[in-house]
Amino acid sequence: MSNVLNVAIIQTSLIWENPKENRRLLNDKINTITGVDLIVLPEMFTSGFTMNPTLVAETMDGETITWLQQLANEKDAVIMGSLVISENNNFYNRMVCVEPSGKITTYDKRHTFTLAGEDKVYTAGSEKVIFSYKGWKICPLVCYDLRFPVWARNVEDYDLLIYVANWPKVRIKAWDALLQARAIENMTYCIGVNRVGLDGNNYEHSGHSVVYDVLGNRLDHILENEETIEVVTLHKGAITKYREKLNFLNDGDQFSLKV
């Protein structure tokens, strides 16, 4: 168990529908990082947010997963982000959380983005996932999930909520506001990692990757529109201090979620 978690956020542009080149690009960036516990990549980091899964889909035995396992072992850190996975004749926008040991925790995006037709080509997930690493309970979610607070509701006493995204500039105010709200209402650290640059559909992405503490205070210095890597240090004691002092999570309404 560790009371401190060092997290590297990679805010980057992505090469449209080109997994090989994106692996090369990200490999160079990841190899500059040292001394961290967790490395977070954007949504669909091998392709950009494409609705053409047949062009970029891989299996859980594919090149990207093998590459991530090797890198996670070399960097002694969890590496996480989402990519297009083909499985059982379905396509998934799947978050993979790859540990140094090679163990993989997966989360399939629950809320597929109907405005872009994601629901027509990708199968939605049905299970909320919490995984533990070095004594930290981590909840991984993907992009459009951010608009649905019930799905993120902290009934598991998790410590860190992470969203990866290809969230466009035109709606970035919602991204900013909702990430801060998720941190405050769940009394958790909340990290959002978004891409920058134009995608293949000419949608502009301005980044706004961010880290909030349990009170909604911003902890990073990431600039919008820039490719950057930033390392932030999270402290378990800060979570315990404010949860015990304020007791907000214990006062929430009880409910059952139908999926």
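Residue 107 meets the stated requirement of being modelled with pLDDT of 95 or more, in contact with a Gly (Cβ under 9 Å, 6 or more places away or on another chain) and not in a loop (DSSP other than H, G, I, E, B). Just checking, does segment 175-183 include any residue being in contact with a helix residue (DSSP H, G or I) (Cβ under 8 Å, 6 or more places away or on another chain), modelled with pLDDT of 95 or more and either among the hydroxyl-bearing types (Ser, Thr, Tyr) or under 14 Å from residue 48 (Cβ atoms) (or both)? Scanning segment 175-183 turns up no residue that is in contact with a helix residue (DSSP H, G or I) (Cβ under 8 Å, 6 or more places away or on another chain), modelled with pLDDT of 95 or more and either among the hydroxyl-bearing types (Ser, Thr, Tyr) or under 14 Å from residue 48 (Cβ atoms) (or both). Pairing residues of segment 247-259 that are in a loop (DSSP other than H, G, I, E, B) with residues that are loosely packed, with under 10 Cβ neighbours inside 10 Å, at Cβ distances under 7 Å and at least 6 apart in sequence or on separate chains, gives 257/150; 259/126. Candidates 158, 163: the one that is surrounded by 24 or more Cβ atoms within 10 Å (Cβ to Cβ) and free of Cβ contacts under 8 Å to residues at least 60 places away in the same chain is 163. Taken together, 212, 203 contain a single residue that is open to solvent by 80 Å² or more (accessible area, probe 1.4 Å), within 21 Å of residue 142 (Cβ to Cβ) and modelled with pLDDT of 95 or more, which is 203. The set of residues from segment 101-122 being among the polar types (S, T, N, Q) and surrounded by fewer than 17 Cβ atoms within 10 Å (Cβ to Cβ) comprises 101, 114.
Every test in (1) over 15 Å from the mean Cα position of the chain (by Cα); (2) open to solvent by less than 10 Å² (accessible area, probe 1.4 Å) is passed by residue 98 save one, and that test is (1). Restricting attention to segment 182-200, the residues that are closer than 17 Å to residue 145 by Cα and open to solvent by less than 30 Å² (accessible area, probe 1.4 Å) add up to 11.
The values are calculated or read from the model by the stated rules, or taken from the named source; none is laboratory data. Predicted model only: the values in this text are computed from it and were never measured. Note: ideal-geometry Cβ built from the backbone for every residue, glycine included; neighbour counts use all protein chains shown. Each accessible area value is taken on the protein alone, full model and side chains, heavy atoms only, with ligands, DNA and RNA left out. Shrake-Rupley method; radii C 1.70, N 1.55, O 1.52, S 1.80 Å.
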